[in-house]
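Here is the structure we will look at, set down as structure tokens.
The values are calculated or read from the model by the stated rules, or taken from the named source; none is laboratory data. Computed from a predicted model, the values in this text were never measured in an experiment. Cβ: placed from backbone, ideal geometry, glycine included. Neighbour counts: every protein chain shown. The area values use the complete protein model at the heavy-atom level, side chains included, leaving out ligands, DNA and RNA. Shrake-Rupley method; radii C 1.70, N 1.55, O 1.52, S 1.80 Å.
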Amino acid sequence: MAAKTIFVLNGPNLNLLGMREPEIYGSATLDEIAGQIEDHAHTLGFDVDIRQSNHEGHLIDWLHEAAADDAHAVILNAGALTHTSLGLFDAIKAIRTPVIEVHLSNPAAREEYRHKSFIAPVAKGSICGFGALGYQLALDAASKF
Ligand code: DQA
């Protein structure tokens with residue numbers, strides 16, 4: 001049987017990882033992190049489909065696609081859209097695919113405007129503050145369900 005796929009979706013400005021505020025987000029680029037995610041997913045027996053967009057609608061379309069493709073799970077770092085997007089909230093609520101929220105930083109320990117998450121109430125769970133390791137922890141969690 002073909003390996004199940006886990007979608008790993010990244011939102012606005014995460015294409016700039018490596019040069020974007022490295023004291024907060026680390027020095028690894030998204031491509032480097034994607035390589036780590038792929039390696040770890042393969043050791044767990046999953047395929048991954050890793051994407052990034054600066055556009056809310058793309059992320060919503062990809063959540064629908066994950067559901068239509070019967071993906072095993074979605075790992076979502078929605079970036080700043082985490083704190084604003086009723087559209088992402090509705091999309092996650094509309095699908096049955098479990099979504100794991102990931103953040104490199106710990107938004108709860110940062111500015112107050114980052115404390116609200118539209119993703120957390122509809123996510124299976126959230127992993128924040130462990131840098132790029134958070135994606136691997138999310139894969140570990142997804143491999144258990
Ligand atoms: C982030 C946290 C968000 O508050 C911020 O807007 C980001 C990155 C993180 O991974 O720590 O773009 O999602």
(request) Just the number, please: carbon plus sulfur as a percent of the accessible area of region 51-111, 1.4 Å probe, no ligands or DNA/RNA counted. (result) 50 percent
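Using Cα pairs closer than 8 Å and at least 6 residues apart in sequence, work out the relative contact order for the chain, in percent.
Details: 258 pairs, mean separation 38.2, N = 145.
Relative contact order for the chain comes out at 26 percent.
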(request) Sum -39500 (n - 2.57) across every DSSP H segment of at least 4 residues in the chain, then divide by the residue count to get the 222 nm mean residue ellipticity, nearest 500. (result) -10500 deg cm²/dmol
(message) Under a crude label model (7 Å from the Cα following the beta-carbon direction), how far is HIS42 from ALA109 in nanometres?
(response) 3.3 nm
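How long is the gain from ASP61 to ILE24 if the chain were fully straight, where each residue apart is worth 0.36 nm and the alpha carbon distance is subtracted? Intermediate values should be presented prior to the final figure.
Values: separation 37, 0.36 × 37 = 13.32 nm, distance 2.89 nm.
In short, 10.4 nm is gained.
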(request) Scan around VAL8 for amide H atoms under 5 Å from its own, H built in the peptide plane at 1.01 Å from N, and keep only partners 5 or more places away or cross-chain. (result) ASP49, ILE50, ARG51, ILE75
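Roughly speaking, what is the stretch gain from PHE130 to LYS93, that is 0.36 nm per residue apart minus the C-alpha to C-alpha distance, in nm to one decimal?
Working: separation 37, 0.36 × 37 = 13.32 nm, distance 2.60 nm.
Length gained, PHE130 through LYS93: 10.7 nm.
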(message) Please give the charge dipole size of the chain, origin at the Cα centre, charges +1 on K and R Cβ atoms and -1 on D and E Cβ atoms. Round to the nearest 20 debye.
(response) 440 debye
(message) If you count only protein heavy atoms with a 1.4 Å probe, what accessible area per residue comes out for region 61-141, rounded to a whole Å²?
(response) 45 Å²
(request) Give, as ranges by residue number, the residues of region 64-84 whose backbone N falls under 16 Å from the point 7 Å along Cα→Cβ of ALA3. (result) 71-75
(request) Hey, can you grab everything whose amide H is under 5 Å from the amide H of ILE127? Only 5+ residues off in sequence or another chain; H modelled, so Pro and N-termini drop out. (result) GLU101, VAL102, HIS103
(request) Would you work out which of ILE127, GLN52, ALA109 lies farthest towards the positive end of the dipole of region 38-145? Charges go on Cβ: Lys and Arg +1, Asp and Glu -1. (result) ALA109
